[in-house]
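Below: one structure, written as structure tokens.
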Amino acid sequence: MTRPLRADAARNRARVLEVAYDTFAADGLAVPIDEIARRAGVGAGTVYRHFPTKEDLFRAVVEDRIHGIVASGRALLDDAAPGEALFSFLRSMVLQWGATDRGLSEALAGVGIDVNAAIPEAESDFLDMLGALLRAAQDAGTVRRDVDVADVKALLVGLQAMQGYNDAAAGRLIDVVLDGLRAG
């Protein structure tokens with residue numbers, strides 16, 4: 001049985017995760033652990049006590065972000081029309097998350113961390129949620145039936161890469177891609 005963390009250790013762990021998320025979001029996954037420790041105001045040893053490897057830190061940060069995204073996608077299933085739920089989700093993943101979260105975009109694309117190998121349950125939850133959004137939109141007749149979840153994820157990763165390449169065109173180009181997903 002593992003002992004619960006002392007209050008100061010729990011605060012340090014939470015602070016490291018928060019700073020790591022902000023750092024990865026702004027600078028990508030290549031930031032060294034020592035830099036994250038410095039920004040968090042703790043020693044590198046504190047980071048390594050909680051996260052023995054950089055991959056462990058990536059995993060914790062990315063898992064937390066993906067679980068939040070899955071929850072927002074599932075909420076859209078309940079709150080929006082089926083076709084619009086998928087389109088709203090994809091638009092937010094590119095224009096909101098992709099614009100501000102370089103680390104998540106890199107993780108979804110498999111840069112620096114193999115999400116499926118590192119945190120298969122988070123990747124599985126993400127794909128299940130994306131599949132539910134896609135099926136609901138296809139069942140409603142708003143999205144073409146010849147695309148599958150892997151296709152939609154590939155489009156999402158491509159759109160996030162495009163957004164990083166040409167932010168000014170992102171809004172217009174995501175509309176072009178979403179028009180291509182619409183049932184004709």
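Report, to the nearest 10°, how far helix 120-139 tilts away from the longest principal axis of the Cα atoms in the chain, using its own Cα long axis and a range of 0 to 90°. In the chain, helix 120-139 runs at an angle near 20 degrees to the longest axis.
For Ala9 and Arg145, what is the calculated FRET efficiency with R₀ set at 30 Å and r taken between the beta-carbons, to the nearest 0.05? Walk me through the numbers before you get to the answer.
Details: r = 52 Å, r/R0 = 1.72.
It comes out at approximately 0.05.
Computing mean projected area of the Cα convex hull in nm² directly from the structure and comparing it against (1) 11.7; (2) 10.6; (3) 13.1 singles out (1). Between the helical axis of 149-165 and the longest alpha-carbon principal axis of the chain there is an angle of about 70 degrees.
Between amide H atoms placed 1.01 Å from N, distances below 5 Å from Val143 occur with Gln138, Ala183, all of them 5 or more places distant or on a separate chain. Each peptide among 129-135, 77-83, 5-11 gets the average number of other Cβ atoms lying within 10 Å of its residues, and from highest to lowest they stand as 129-135, 77-83, 5-11.
Let's test the formula: R0 of 35 Å, r as the Cβ-Cβ distance of Asp34 and Asp79. What FRET efficiency results, to the nearest 0.05? Computed FRET efficiency for Asp34 and Asp79: 0.25.
Values quoted throughout were computed directly from the atomic coordinates according to the rules given, and no laboratory measurement underlies them. These numbers were taken from a predicted model, which means no experiment stands behind them. Using ideal geometry, Cβ is built from the backbone for each residue, glycine included, and neighbour counts are taken over all protein chains shown.
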